[in-house]
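Trainee: Structure incoming, see below.
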Amino acid sequence: MRRRAVPADSRNSQVARRERRRTQRREQILDAAREVLVRDGLDGFTALAVARAADCSKPALFYYFDSLEEIAAALAESLFRQEAQALRTAIDAADTGIAGISALVRAYVDHHARDLEIFSVLQAWSRRAGVQERLLAREVYPAAAEINDRLEAMLRRDRRAGRLHPDVHPRRMANLAYVTAHGIVSMLSGVRALGGETRFGFEELRDEACAVLERAARA
């Protein structure tokens, strides 16, 4: 008895459904990994803890990811993509490059201030097991370069319009906005992770940084 051939469209549909289910399950595991990292920190971040939070077995966990390090790397990449998209959206909404400087700083600080615990944990985790090098090469450097390209182009338009101070270098100013925002979040998250307090909070440092950078940039 000959088996009836499955139409190509049906096969493609089946493959697409399996891929969607796989993607959804991976996202569920990443959500569970995020929960474990925030709740238990690095010491409690184990395959068993993630599997329990994801309501699956360890073998099932490693069906979707090769290792615990891969789970952490995938989580870090996912969160960085969210960060990069928040910065792109903020810059694209700005009318000028000078406004874009403040938009970048505000978007970065506000994005991470809402979820400071995971920022702190992933900063520590990314320095382990080569995760940082892979993440930097594959995600951080290309996205940061693209965001800086956008802001630099806007600042160059400001220069042609006479808005930018003649001593300001557009690319360096774009880089400075990025590292200033990262520095604010890193400093405050580090202090809080140690149980300390700072004299000024996120909003105060964010607003002061924006004001200083804008004053320096204006003609």
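The values are calculated or read from the model by the stated rules, or taken from the named source; none is laboratory data. None of these values were measured; they are calculated from a predicted model. Backbone-built Cβ (ideal geometry, glycine too); neighbour counts: all protein chains shown. Accessible surface is based on the protein model in full, side chains and every heavy atom, while ligands, DNA and RNA are left aside. Shrake-Rupley method; radii C 1.70, N 1.55, O 1.52, S 1.80 Å.
Trainee: Quick one: which helices (runs of 4 or more DSSP H) lie wholly within the range 117-219 and hold at least 2 residues that are modelled with pLDDT under 85? Before you say what the answer is, go through the steps one by one.
Mentor: Working: elements: 131-135, 141-160, 170-193, 202-217.
Once the helices (runs of 4 or more DSSP H) in the range 117-219 are filtered for at least 2 residues that are modelled with pLDDT under 85, what remains is 131-135, 170-193.
Trainee: Identify all residues within the range 57-91 that are open to solvent by 30 Å² or more (accessible area, probe 1.4 Å) and assigned to a loop (DSSP other than H, G, I, E, B); write none if there are none.
Mentor: Answer for the range 57-91, where residues must be open to solvent by 30 Å² or more (accessible area, probe 1.4 Å) and assigned to a loop (DSSP other than H, G, I, E, B): S57, D66, S67.
Trainee: Tell me whether the range 184-191 contains one or more residues that are in contact (Cβ under 8 Å) with a residue 60 or more places away in the chain, within 19 Å of A86 (Cα to Cα), touching a Leu at 6+ places or on another chain (Cβ under 8 Å) and among the hydroxyl-bearing types (S, T, Y). Break it down stepwise before answering.
Mentor: Our first condition is that a residue be in contact (Cβ under 8 Å) with a residue 60 or more places away in the chain; within the range 184-191, this holds for 184-186, 188-190.
Checking which are within 19 Å of A86 (Cα to Cα) leaves us with 184-186.
Among the residues that remain, those that are also touching a Leu at 6+ places or on another chain (Cβ under 8 Å) are: 184-185.
Now narrow it down to the ones that are among the hydroxyl-bearing types (S, T, Y): none.
No, because not a single residue in the range 184-191 is in contact (Cβ under 8 Å) with a residue 60 or more places away in the chain, within 19 Å of A86 (Cα to Cα), touching a Leu at 6+ places or on another chain (Cβ under 8 Å) and among the hydroxyl-bearing types (S, T, Y).
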